[in-house]
Every structure is written in C-alpha cells, then in structure tokens.
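The values are calculated or read from the model by the stated rules, or taken from the named source; none is laboratory data. As the structure is a prediction and not an experimental result, all values here were calculated from the model. Quick reminder, even Gly has a Cβ in these numbers, built from the backbone with ideal geometry, and neighbours come from all protein chains shown.
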Amino acid sequence: MQRRHRKTHACIWKVLAIFLPAMLIAALAIRQHGPTERTAVQLEKPAAEAEAPAGGSEQ
Amino acid sequence: MAGRAPDPGFFIGYLNSVPRSLAIFLVVGAALFVGGMAGLAFALGTNANDPGDGAFARKLGKQEMTGVLLEKPYPILRVRPDANNPEPRTVMLTVPGKRSVERRGKKFFGQVVDVKGFMFQRGDIDMLQIQGKKSLQAAEAGEGEPPPAYTPAPAESLGRWRLIGEICDSKCHLGAMRPGDGLAHKACANLCISSGAPPIFVTQEEGAVAGETFLLLADEEGGPLPDSFRDYVAILVQLEGEVERLDDLLVFKVDIDRARVF
Amino acid sequence: MPVGWNRNKIIYDVVLLAAVVAYILLFIKIAPSFQDVTRPTTGIILRIQAFGTCAFLMLSFILCIGPLARLDRRFLPLLYNRRHFGVITCAVAFTHASQVVSIYFSFSPLDKYVAVLASNTSYDRFLGFPFETFGIFALFLLLVLAATSHDFWLRFLTPPIWKAIHISIYVAYAAIVCHIVLGSLLSKQSPLLAVIVGLSVVAVTGLHLVAGRIERQKDRSTAEDADETPWVMAGHVDDIADGRGIVVALEEGERVAVFRYGDKLSALANVCAHQNGPLGEGRIVDGYVTCPWHGFQYRPGDGCSPPPFTEKAATYRLRLDGQRILLDPRPNEPGTYVEPVRVTPTRETEA
C-alpha cells in the first residue's frame, strides 16, 4: 500500500514538474508587452478634410 | 542506516518535551518563517502597479447639470453650457452599483433633463453617477424662463483610426476601483459593461487621438458593442474604426470584424 | 495520546497565526505607504491581493514539509501538525475568495454567485481565460481537505481512502499556479510575483523529485536472498542501535522495519496504520515502536497499539545466522505475535 502511494506521488510530481514550469514559461512568452513606438495610426482623414484639398485641385 | 545517523533528537508531538538541539532548530526556523512571510508581504505589497488617478470625486460635492440625455451608444449627457462651465461637454452616465441608467432614463432619452450626482474623474475624462432623490428628471424652466431647450453640436469626425489599447469598463477605470483594469479585473469589467457601464478604450499611447487617451466605445452604427466583444476586454487589442468628437468626449466606432488581440 | 490538543500544537498554531497576521498587516497597512502610485490601491483589492498571495505561499510551504522531512529529520515536527497548517491556509484562501465575490461580482442585477460563473466565459483562449475557475476548483479541494482533516474522518474513510483524497492537494496546488498565471502573471504585473511563483514551483517540485528519487533508490536496493528460500538477508545485528530500527526493502516493493530493543529483535511492516508513516525511522519509546510522524505506537512483538488504541501492523518472522539477521518476507496477519529474536551483543551499541 505504501509503495503504491510512493508511486502515485512520484508519478504526479513527474507530470507537475513538466506541466508547471511549462505553464510559467508559456505565460511569460505570451505575456503582452505594449509597443514602444507610436501606435495610433490615422487610416483616413475626416471626410470634410479629405474633400477640401480635392476640391482645391479641381479649381 | 538510521541507527548511525546523527540523531537530532526524536520528536514526539504529544510529549511536551522537545530535545534541546531540535528546539533551537525549530525556534530559528519559526523566526525565519514569520520573518520571511513578513518580508514577502512587504516586497509584494510595495510592488503595486500604479492604478492611476481615477477617483470618486466626492470632494467636488454634488453636481447638477442640464443637457440632452442620449441613449446611444451608452447613456451620455450632452451638457448645456452654463455660467460655471461655459464650454459644452459630454459626460458618461452611471447609477450606483453595477447597473444601467437605462431603467431610470428610458423615458427621457432624447430630451433635455436635469441630473444630479457625483463625479468619477480620471485625467480629463469624467462620468456622472446619478444619485439621490429627483436626480434625473425632465428639465424644469426657471421662473419666467422659457422651457429649457438645447441642441448639441453635431458629432465631428476625426477620421478613421487604428489604435492599440485595452477595453475597460468606464466606471471602475475612472475610479470606482483602483486598479480598474488588467486580467484580474476582467470578469468585473465584463459584468460592469454587460450591466450597463459604458466601455471605454484606453489607448496604449498616451493622448493617442487629439490628445485623448480615453475613448467611449461604440459599434460602427454608433450602437452598443455586441456581447461577443467581451472576449477582447482587459487585454491589449488593436481596433479600427471612425473616431468622432462629441464636445470633449471622443467616441470610437469600431469595426467589429477587424478587432484583434494585439 | 496521539490525538487532541497539546502544547506543541498550540505553539505550532501560534507561530502560524503570527506569520499570517504579520503578512496581512504588513501587506495592507504598512506596504501601501511605500507604493509608488498616483492614488492608493483600493483597500479591498489590497486585501484580496494580500490574502491570495498569503494562501499561495502557505500552500507552497505545506507542500515542502513532506519532502523536507524525508530529507532531514529535523523537519518532522512540521509534519506533526501539518493539518492545522492546511486548515488555516484554507481559511486564508476562503477570505480571499469571499472578498473577490463581495467586490468584483456584487452590486449587479445578477446573483453574485451566478455572476462569478457567467461574467467571463472566454474558455477558448489563454489571454483572458476565466482564471477564477481554477481558484474555485482549488478552494473546493481545500475545503474538502480541511473538512475531512480530523482523525475522525481518517478512521471513518480508512487511511487508504483518506490518503487518496488528500493527495488531491497536489492538484489544488497546480490549479492555484494556473489561477495566478492566468489571472496575474499574464497581465501587466511587475516581475516580482512571477519570480516568487517560479521559486515556489522550483522548490515544491524539486524537493518532491529529489525525495522521490531517494525513495526509489531505497526500493531498488532490496534485501538479498538468504541461502534458504524465502528468507532474505535483513542486515547485521550491529547495524541496529538499541531502541532503533532499520528499513528493509523487499522485492515486492514492500518495506519492513526491524527494531532492536535491548537484546531483542522484532520486525513490523514499515507502514504506520495511521497515515502510512515510516515506522522503521521511528524509535522504541517506553518499549513501543513509535512512529516518527505522529507518535502512534505499536508493541514490537505483535504490532498492536496499546489500549485503548486499536491500530495494528503486520509482523514478520526473524531468525539469526550468527550476527546476520534473516527475515521471512511473508507478512503475518496484523497483530500476530511473533517471538522476538534474542541477540548477544558483540560490541557496545549506542544508546
């Protein structure tokens, strides 16, 4: 009986010795770090501003 | 063999005598344990992230304001300028607890109302917690005055933007809780948002759009965000959409399909 | 009397409570004034952090006690009252959880316990995973273990079942590590907590692996067969000091404790009936084999505990071949009397 317990303990800790560090490393790997450079990008100018230069070029 | 190992003294718990060498070991161990725990408490306790300057601004006292109550994307008040605040402004609204303004506000949407309550403030963004008796009612005319009317300025488009940041619930992030962001707070943020607190986008870069860091979130049509958006709360995400200015409040009308985890 | 309160247990609990009180007070009362923050962290969130980290550290210590006691006997007194350590840890973890529910999940139209389960359902991703689930699971295990920690439950459930249930503390530890990793380490936290969790994982798993390795080596160095089957060589008379025992590993994986007391030798199963403690590492105290874990006692001749206790250990037959001890590896029914073998001392053995 005691031997069975020793085996169960050993088995559990072998699994945890792989799983727990893997979990920690995975966490550190996918941990989000914000970008350091400028991140806000204006994709389109407001409609009003965009139309104004276009109108100007036609004149 | 056990018999040959140096014997630190055989300990039997229920006999009150403890061998002297073992007693010394245990006393030192106990001191190290208590001291170690105290040291760890101090190290972890002082190691907090700055939760920001958001706070329930009770010291400002009870605020009273008049303006147009809008339903979408979330209950907001386009505040009519007055003598104290000559500039028009827009404040997000909440009620005490994690509850929506909607139940009390629905019969007034689109109308000019008088509201009373206390402010949550963080940086230059604020939110009014409607609180107290007669704190939300149709605006009353002063004696000899015409019925109050107010037409807020139309929304001003600031163009289409791609921004990186975190979706938070406005109430906690503005000071109901410090910290009011991050994964530990995610479920609370979800609960607040689904209970009616307006979600805000906190840009990673300070002052990312027109000098603002906080933007009220909406879907592309200007309505509330869908429930599926809860997966994006409390983590760094990249969102795209049109930014509109309502007085001093920016609204980020995000393209739901283009949202992604950063 | 093995069970019940005594001075050592009271001292143990006082030290534990002192550590918990020192931890919580320092964390929530003193440390905040040293924080570099614009505005202070909300009080209840500080308390959540304090009780949560305290429970994790306590559980880490608890899990180190077992292997430490295998590696160095001086840690055995920590094992003696380990269950109180567990119950106090459970109380600290419960305080953490109830504060979380009272602030994060209250004040909404939803019932707070429904809100705990329904507020975050992002189970399909790592970032933003509902880490509370791991905490709830671990707390459930801690509550079951705390509730069944008394010796009443040990007797009621029988030691094998009790042990099997209580081994789930390892699962609880793994769940708590997941809880912290997914709820805090993935977020913008400073690296200190990550370092502490990492050290805990290294210490707890490392100690268990080392202790397990030593046990495995013991299991491998089995007793050699004697000339006459099925008898095996258990050792030499001079190997055993008076009042002590040696542990003999058998082929089948069982272990036998051979004790010497005065000029007599007796052999018992190495397994204490109380909690599987290693009897062979115990001592003869007042004529009884005494378990090093909780002091349960057995008569060396028949393996019976003195009245009113009813525990029994299996006995084994011994005989001498000169100064060599031979052991019959077939166990007798627990409680069977076996006449002790008498030795003639060849030299003075230690007291």
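When you scan the range C:62-76, do you find a residue that is closer than 30 Å to C:PRO32 by Cα and without any contact (Cβ under 8 Å) to a residue 12 or more places away in the chain, even just one? Taking every residue of the range C:62-76 in turn, none turns out to be closer than 30 Å to C:PRO32 by Cα and without any contact (Cβ under 8 Å) to a residue 12 or more places away in the chain.
The set of residues from the range B:7-52 being surrounded by fewer than 16 Cβ atoms within 10 Å (Cβ to Cβ), more than 30 Å from C:VAL289 (Cα to Cα) and either hydrophobic (A, V, I, L, M, F, W, C) or assigned by TED's automatic domain parsing to the domain that holds B:VAL202 (or both) comprises B:ALA31, B:LEU32. Of the residues making up the range C:216-248, those that are more than 13 Å from chain B (Cβ to nearest Cβ), assigned to a strand (DSSP E or B) and of a type in the set (A, V, I, L, M, F, W, C) number 2.
When the range C:259-295 is filtered for residues that are of a type outside the set (A, V, I, L, M), within 16 Å of the chain's Cα centre (by Cα) and in a loop (DSSP other than H, G, I, E, B), the ones remaining, listed by number, are C:CYS272, C:HIS274, C:GLN275, C:ASN276, C:GLY277, C:CYS291, C:PRO292, C:TRP293, C:HIS294, C:GLY295. Among the helices (runs of 4 or more DSSP H) confined to the range C:127-192, the ones with at least 1 residues that are among the acidic types (Asp, Glu) are located at C:132-147, C:151-157. Scan the range B:48-83 for residues that are β-branched (Val, Ile, Thr) and over 29 Å from B:PRO179 (Cα atoms) and the total you get is 2. On the basis of being in a strand (DSSP E or B) and either free of Cβ contacts under 8 Å to residues at least 24 places away in the same chain or more than 8 Å from chain C (Cβ to nearest Cβ) (or both), does B:MET37 make the cut? For B:MET37, the condition - in a strand (DSSP E or B) and either free of Cβ contacts under 8 Å to residues at least 24 places away in the same chain or more than 8 Å from chain C (Cβ to nearest Cβ) (or both) - is not met.
What pairs can you find where one residue is in the range C:106-120 and touching a residue at least 12 places away in the same chain (Cβ under 8 Å), the other is of a type in the set (A, V, I, L, M, F, W, C) and in a loop (DSSP other than H, G, I, E, B), and their Cβ atoms are less than 6 Å apart, with a gap of 6+ or different chains? Listed by first residue and then by second, the contacts come to C:VAL116/C:PHE105. I'm checking my understanding of the structure. Among residues of the range C:63-121 that are in contact with a Gly (Cβ under 6 Å, 6 or more places away or on another chain) and farther than 28 Å from A:ARG6 by Cα, which one is surrounded by the fewest Cβ atoms within 10 Å (Cβ to Cβ)? The residue in question is C:PHE107. Is it the case that C:ILE246 is buried (at least 18 other Cβ atoms within 10 Å of the Cβ) and more than 27 Å from C:ARG83 (Cα to Cα)? Yes; evaluated as a whole, the condition is true for this residue. Counted as qualifying within the range B:172-262 are the strands (runs of 3 or more DSSP E) with 3 or more residues that are aliphatic (A, V, I, L, M) and under 25 Å from B:LEU128 (Cα atoms), namely B:214-219, B:249-254.
Selection of the range A:1-22 for residues being in contact with a Leu (Cβ under 9 Å, 6 or more places away or on another chain) and either more than 7 Å from chain C (Cβ to nearest Cβ) or closer than 30 Å to B:ILE164 by Cα (or both) yields only A:LYS14. C:ALA203 meets all of the listed conditions (1) in contact with a Lys or Arg (Cβ under 9 Å, 6 or more places away or on another chain); (2) in contact (Cβ under 8 Å) with a residue 40 or more places away in the chain; (3) surrounded by fewer than 22 Cβ atoms within 10 Å (Cβ to Cβ); (4) within 14 Å of chain B (Cβ to nearest Cβ) but one, namely (1). Taken over the range C:117-161, residues that are out of contact with any His (no Cβ under 7 Å at 6 or more places or on another chain), at pLDDT 95 or above, within 14 Å of chain B (Cβ to nearest Cβ) and farther than 15 Å from B:ARG230 by Cβ amount to 2.
Counting only residues that are closer than 21 Å to B:GLY132 by Cα and part of a loop (DSSP other than H, G, I, E, B), the range B:84-120 holds 9 of them. Within the range B:2-20, does at least one residue satisfy the condition of being in contact with an Asp or Glu (Cβ under 6 Å, 6 or more places away or on another chain) and either modelled with pLDDT under 90 or of a type in the set (Phe, Trp, Tyr) (or both)? Taking every residue of the range B:2-20 in turn, at least one turns out to be in contact with an Asp or Glu (Cβ under 6 Å, 6 or more places away or on another chain) and either modelled with pLDDT under 90 or of a type in the set (Phe, Trp, Tyr) (or both). Residues in the range B:157-187 that are more than 8 Å from every other protein chain (Cβ to nearest Cβ) and among the hydrophobic types (A, V, I, L, M, F, W, C) were compared, and the one that is farthest from A:THR36 (Cα to Cα) is B:ALA176.
Among the residues making up the range B:62-83, those that are assigned to a loop (DSSP other than H, G, I, E, B) and touching a residue at least 24 places away in the same chain (Cβ under 8 Å) are B:LYS62, B:GLU71, B:LYS72, B:PRO73, B:TYR74, B:PRO75, B:ARG80.
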